[in-house]
Every structure is written in C-alpha cells, then in structure tokens.
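Okay, structure first, notes after.
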Amino acid sequence: MKNIIVPALLLILSFLLTYLLYTAVKSRRKSSSPLPLVPPGPPGPLGWPIVGLLHIIGKAPHRSLAYLSRVYGPVMSLGHGHLTTVVISSPEAAREVLKTLDHIFSAPTFREMVRTIGHHDVSIPWLPATSSHWRVWRKLLKTQLFSRKCLKATKTVWSKKVKELITFIIESSEKGEAVEIARACFVTSLNVISNVVFSTDLGSYDPRASLELRDSLFRITEVMGKPNLANYFPSLGFLDLQGFRKEMEVCSERLFRVFQGLIDARIPERSLRTGPRDAFSSDLLDSLIDLIQEDGSEVDMNDINHFLYDLFIAGTETNSTTVEWAMVELLRNPEAMANARVEINFIVGPNRYVGDSDLLDFPYLQAVVTETLRLHPPSPFLIPRKTESETEVLGFLVPENAQILVNAWAIGRDPSVWENAERFEPERFLGRDIESIGKDFEMLPFGAGRRMCPGISLALRIVPHMLASLIYSFQWTLENEKSYPVPADLDMNETFGLTLHKTKPLYSDFVKKSYEYFY
C-alpha cells in the first residue's frame, strides 16, 4: 500500500509544480505585453482644494482663460468645485467640438440661473438638440422670423425704427444732451423685435417713460453672465449666497407678465376678425397662437412665454453692444471712420436717410462690422456645452459630463491665425462675405453647428443699418474729449456678463448734423 501512496503523492506534487510554473510564465507573458494606449486628459493648471481655480479666473474670465491656454494649449482642463471644465481656444479644436463631434457636444450645460425659472426644460438654447420641442422652435424661427421672405417683409419695420433712433439723437443734440449710444441702440433693437412679434413698441427713448422692461432685460443678462457659486457647488444653491436667484426670479417674472398681457389681449381680438385670414395683417404672435391651438400641438402657453423670453434676451443687448464697440473702434481709428463715412456718403448722397437697400453697397462698412465681431464677440464663451460620453479631442481624452467652454474671444484674437490680431483692421475682411462668419471657425461670434445662433441673418442687417445711419448722420466728437489726449486712449475696459459690454458707456455729442433730413 505504501508503495502505491508515495508515487501518487509525487505525481500530484509534480503536477502542482508544473501548473504553478505554467501559471507564472503565462502571467509574466501577459504582463510584458503592451497595454492599449489611452489618450491623456487635457492639461491644465492645478487649483486650490475645494475652490479650484475660481481665484484665477477673476472678473475677466475670457482674458484669463485665453492667457492660460497659451501655456496649456487649445484644449485645457480646469477644476471648479465639483465641476470639470474643458476650455477650447483654437479654430481646430472648435471645429472638432462644434462640427465633427457636434452630436456628442451639442447637449447644453445648465446654469443655476436657468434652472431658477424652469427655463432649461423649455428654452431653445438649453433643450437637447434631439428633442421634438427643439425642432419645433427652430423650424418656427427659420420659417416665421429669419427666412429671406420674412426679413424682406419686416425690413420696413427696422428701417422705421432706425429712423426713430436718428430723430431721437438729433433732438437730444439740439437740446445739448449727450446720448448713451448702447442704451439708445438697445431701445431700437427692443422695438424692432417687439414690432415683429407684437406689432407695438415696448421700448421708449423718453427717460420719463417706464423703464421696468428695459432694465429687467439688462439685469437678466448681467446676472446670467456673472460667476455663480451655485454652478460649481450645487449643494449651496438653495442658500442664494450672492442673491442672484431672487433677482433672476423678480426680473423674469416682470417679462413674463408683459408677454402674457399682450397674449391675453390678442386672443379675444382674433375672435372678432371676420373674413379671410390673409385680409388681416399678422405678426409672429399670431403664428404662435396658431401653433398652440393646433390639434395635438406639443407646445403650450408656458412654452411660448419662454420662447419670447429667449428672443428678447438674445436679440436686444447683443445688437446694441456690437454697435457701441464698432463706434468706439472707429473713434479710436479716425482713418477707418473716414473710409466708412466716404463710402456711405457716396452711396446715400445728401438729404435722405440710409435705407435697407443701401447696405449691400457698403463693403467697407460690412468689413467694419465683421472686424468688430472678431475683436468683441457679444457672447465670449457661447453657450456652455457638455460631453455626453468620454471623447477624444485633438489627442486629449475629454471626460463624460465635462462642461465645454468655447472661448470665441480668444479664437478671434489668435495670433497664429490673425496677423496683427489685436489691431482693428477692417481691410482684412474686404471681399469676404459677411454671411460666411462661423463657417471657417476662425471667428465664432454666433457659434457654429446645430446650436449656431438662428438670428444671425437679422443681426447682420440691423447692426450695419444702425451703424451706417449713425456714421452718416452726424459729425462725431467725444463727450469730455479733453480727458482723452488721443483717440487711442479711449477707455476699452469690459464688463463680463451674458454679453461683453463696455464698462464705461460711450456718450457722444455732436458739432452738427451732417445733413438736413426729410421725415
């Protein structure tokens, strides 16, 4: 028996030794085989514990992040509290995010102020691009507001409102009163939109008139653009430490009351109409009411109020700040101002106002507007996006759910793309179609891809029209001109908000009118 057990134990022991040796060799071979290469995450500066990089960004985040991107590259990662942010700062990286990988990066990142009023559930900028609501609103904008046919039908509206702007400035100059350019242009933009939507003025140049609506719009754009701790530390949102939530609610409620009042007045008025539909003039509000009254409609009254909210927020201050920046740049560059004036005067001639049909004959003026948008994009970071899945961008692995900021301000001033990038040189855009903005990703004042601003066609008509009328109508001088030794010393400080506007508003008075007008 013993003779059998000993050989059996030796056999088992040899088997175990053989198995262990085989396992060890296999494990070693496996460990020595190359691992699959994983792209590194985007580089970026190290932040402080908890607060991240909030102390670095400061009051001018577009400038701070542009500076950091020169150190860490065009795809840069930042840590803010509980939020990972990836900043895009070159045309190549922007093309990847906004075009090539648009389907992955088209989801918006909700800001706390948007959630405060429930705007993220119904708003065009914040709805998923795949949702049926988003498609309904985009189609409405394309067919009922910004199509060539609609723009042609409404050009008499904005021509009339620009004439009213010039009349107001003439009357103010005759009284010896300086005019704040951005505020006056804001009223003009507000009245253009309110007439297209409601067929009535909602703004007034009279300082004695109610400014509640105008001031609410101003304040909403300021609050939405300010750094909000609740965006980076959601658990602190309910404390409203900065008071933004309360102010956003109050200002937004004012706008909704105005919109609802106009809608409520229109509905019974429509019931009194008799005869064929085309016998009555119709505006966008009629189309919106038709939309909610359709059988099986996906939208309701709340959707319309929030749609109008977007329309008025996006279409007022963006236009007025662009006109102001253009005037500031022209005042700092007298040769460019002279070139624009000669062109406009040659086409328009004396004793009339600038008409919409004249705009096509102003290539230099169009170049002035384009150069202004390059240097001063209204929204320096566009709409924040997020990654729906882990994605590679220019060799860097962007994590899922990261916030994506496209620094349009930095891209427009990229010295590797633009010669004399910091200088105002409209000549660089002569012969270049203004409608091509955003297609080459070298400047992105209106964004790109599926979430590109749908109002670009209207903006590129209203802004040149206001600017041409201001240049043509007056000989401009700066108020308190003695405080500026040379035009280049004009204050260019910016205040960061939803739009990037001048900290010190531009006021002007006039030596004389350029021409006498017939109104």
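If I go through the stretch 340-365 residue by residue, how many of them are in a helix (DSSP H, G or I) and either farther than 15 Å from residue 462 by Cα or modelled with pLDDT under 95 (or both)?
17
I'd like to know if the stretch 366-388 contains one or more residues that are in a strand (DSSP E or B) and among the acidic types (Asp, Glu).
First, pick out the residues of the stretch 366-388 that are in a strand (DSSP E or B): 385-386.
When the remaining residues are screened for being among the acidic types (Asp, Glu), the result is none.
Among the residues of the stretch 366-388, not one is in a strand (DSSP E or B) and among the acidic types (Asp, Glu), which makes the answer no.
Of the residues that make up the stretch 44-56, is at least one at pLDDT 90 or above, under 20 Å from residue 381 (Cβ atoms), touching a Leu at 6+ places or on another chain (Cβ under 8 Å) and part of a helix (DSSP H, G or I)? Spell out the reasoning first.
In the first step, residues of the stretch 44-56 are kept if they are at pLDDT 90 or above; the result is none.
Checked the stretch 44-56: no residue is at pLDDT 90 or above, under 20 Å from residue 381 (Cβ atoms), touching a Leu at 6+ places or on another chain (Cβ under 8 Å) and part of a helix (DSSP H, G or I).
Out of curiosity, is residue 369 aliphatic (A, V, I, L, M), touching a Ser or Thr at 6+ places or on another chain (Cβ under 9 Å) and farther than 30 Å from residue 153 by Cα? Walk me through how you get there before you give the answer.
Working: aliphatic (A, V, I, L, M): yes; touching a Ser or Thr at 6+ places or on another chain (Cβ under 9 Å): yes; farther than 30 Å from residue 153 by Cα: no.
When the stated conditions are applied, residue 369 does not pass them.
Do we have residue 129 as surrounded by fewer than 22 Cβ atoms within 10 Å (Cβ to Cβ), aliphatic (A, V, I, L, M) and in a loop (DSSP other than H, G, I, E, B) here? Reasoning before the result, please.
On the way: surrounded by fewer than 22 Cβ atoms within 10 Å (Cβ to Cβ): yes; aliphatic (A, V, I, L, M): yes; in a loop (DSSP other than H, G, I, E, B): yes.
Spelling it out, residue 129 is indeed surrounded by fewer than 22 Cβ atoms within 10 Å (Cβ to Cβ), aliphatic (A, V, I, L, M) and in a loop (DSSP other than H, G, I, E, B).
Taking residue 441 and the conditions (1) modelled with pLDDT of 90 or more; (2) of a type in the set (Phe, Trp, Tyr); (3) not in a loop (DSSP other than H, G, I, E, B), which numbered condition does it fall short on, given that it satisfies the others?
Evaluating residue 441 over (1) modelled with pLDDT of 90 or more; (2) of a type in the set (Phe, Trp, Tyr); (3) not in a loop (DSSP other than H, G, I, E, B) leaves (3) as the failure.
Could you please let me know if residue 188 is assigned to a helix (DSSP H, G or I), at pLDDT 90 or above, surrounded by 16 or more Cβ atoms within 10 Å (Cβ to Cβ) and on the phi < 0 side of the Ramachandran plot?
yes
Against the definition (in a helix (DSSP H, G or I), basic (Lys, Arg), closer than 20 Å to residue 402 by Cα and at pLDDT 80 or above), how does residue 99 come out, yes or no?
Judged against the criteria, residue 99 is a match.
For every residue, the table says whether it meets (1) at pLDDT below 85; (2) under 22 Å from the mean Cα position of the chain (by Cα).
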{"site": "121", "(1), (2)": "yes, yes"}
{"site": "127", "(1), (2)": "yes, yes"}
{"site": "136", "(1), (2)": "no, yes"}
{"site": "142", "(1), (2)": "no, yes"}
{"site": "152", "(1), (2)": "no, no"}
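Looking at this structure, is residue 384 at pLDDT 95 or above and buried (at least 16 other Cβ atoms within 10 Å of the Cβ)?
Working: at pLDDT 95 or above: no; buried (at least 16 other Cβ atoms within 10 Å of the Cβ): yes.
Against the criterion (at pLDDT 95 or above and buried (at least 16 other Cβ atoms within 10 Å of the Cβ)), residue 384 does not qualify.
In the stretch 431-445, which residue that is touching a residue at least 40 places away in the same chain (Cβ under 8 Å) and surrounded by 15 or more Cβ atoms within 10 Å (Cβ to Cβ) is farthest from residue 369 (Cα to Cα)? Show your work before the answer.
Quick first cut of the stretch 431-445, residues touching a residue at least 40 places away in the same chain (Cβ under 8 Å) only: 431-432, 434, 437, 440-445.
Now drop any that are not surrounded by 15 or more Cβ atoms within 10 Å (Cβ to Cβ), which leaves 434, 437, 441-445.
Working: 434: 9, 437: 11, 441: 17, 442: 16, 443: 13, 444: 14, 445: 11 Å.
Here the answer is 441.
Residue check: is residue 452 within 11 Å of residue 91 (Cβ to Cβ) and under 14 Å from the mean Cα position of the chain (by Cα)? Give the steps one after another, and end with the answer.
Working: within 11 Å of residue 91 (Cβ to Cβ): no; under 14 Å from the mean Cα position of the chain (by Cα): yes.
Judged against the criteria, residue 452 is not a match.
In the stretch 392-430, which residues are surrounded by fewer than 21 Cβ atoms within 10 Å (Cβ to Cβ), of a type in the set (A, V, I, L, M) and closer than 30 Å to residue 333 by Cα?
Matches in the stretch 392-430: 417, 421, 430.
Going by what's in this entry, would residue 456 be described as of a type in the set (A, V, I, L, M, F, W, C) and either surrounded by 21 or more Cβ atoms within 10 Å (Cβ to Cβ) or in contact with a strand residue (DSSP E or B) (Cβ under 7 Å, 6 or more places away or on another chain) (or both)?
No, not satisfied.
Conditions (1) β-branched (Val, Ile, Thr); (2) in contact (Cβ under 8 Å) with a residue 24 or more places away in the chain; (3) at positive phi, marked per residue:
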residue: 364; (1), (2), (3): no, yes, no
residue: 370; (1), (2), (3): yes, yes, no
residue: 374; (1), (2), (3): no, yes, no
residue: 378; (1), (2), (3): no, yes, no
residue: 381; (1), (2), (3): no, yes, no
residue: 385; (1), (2), (3): no, yes, no
residue: 394; (1), (2), (3): no, yes, yes
residue: 414; (1), (2), (3): no, yes, no
residue: 420; (1), (2), (3): no, no, yes
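Please find, among 169, 181, the residue that is at pLDDT 90 or above, crowded, with 22+ Cβ neighbours inside 10 Å and out of contact with any Pro (no Cβ under 8 Å at 6 or more places or on another chain).
Values: 181 fails: out of contact with any Pro (no Cβ under 8 Å at 6 or more places or on another chain).
Of 169, 181, the one residue that is at pLDDT 90 or above, crowded, with 22+ Cβ neighbours inside 10 Å and out of contact with any Pro (no Cβ under 8 Å at 6 or more places or on another chain) is 169.
All but one of (1) at pLDDT 90 or above; (2) surrounded by 15 or more Cβ atoms within 10 Å (Cβ to Cβ); (3) not small (Gly, Ala, Ser) hold for residue 71; state the number of the condition that does not hold.
The failed condition is (2).
Go through the stretch 191-234 and count every residue that is at pLDDT below 90 and not in a loop (DSSP other than H, G, I, E, B).
Number of matching residues: 19.
Just for the stretch 330-356: of the residues that are within 21 Å of residue 490 (Cβ to Cβ) and either touching a Ser or Thr at 6+ places or on another chain (Cβ under 6 Å) or of a type in the set (Lys, Arg) (or both), which one is surrounded by the most Cβ atoms within 10 Å (Cβ to Cβ)?
341
For the stretch 110-126, which residues satisfy the criterion of being buried (at least 20 other Cβ atoms within 10 Å of the Cβ) and either under 30 Å from residue 417 (Cα atoms) or touching a strand residue (DSSP E or B) at 6+ places or on another chain (Cβ under 7 Å) (or both)?
126, the sole residue that qualifies.
For residue 377, work out the one condition from (1) surrounded by fewer than 23 Cβ atoms within 10 Å (Cβ to Cβ); (2) within 28 Å of the chain's Cα centre (by Cα); (3) over 17 Å from residue 470 (Cβ atoms); (4) not β-branched (Val, Ile, Thr) it doesn't fulfil.
(1)
Could you check residue 176 against (1) of a type outside the set (A, V, I, L, M, F, W, C); (2) farther than 18 Å from residue 463 by Cα; (3) without any contact (Cβ under 8 Å) to a residue 12 or more places away in the chain and say which number it fails?
(3)
Please specify each residue of the stretch 324-362 satisfying the condition of being without any contact (Cβ under 8 Å) to a residue 60 or more places away in the chain and among the aliphatic types (A, V, I, L, M).
Residues satisfying the conditions are 338, 342, 347, 360.
The values are calculated or read from the model by the stated rules, or taken from the named source; none is laboratory data. None of these values were measured; they are calculated from a predicted model. Virtual Cβ from ideal backbone geometry, glycine too; neighbours counted across all protein chains shown.
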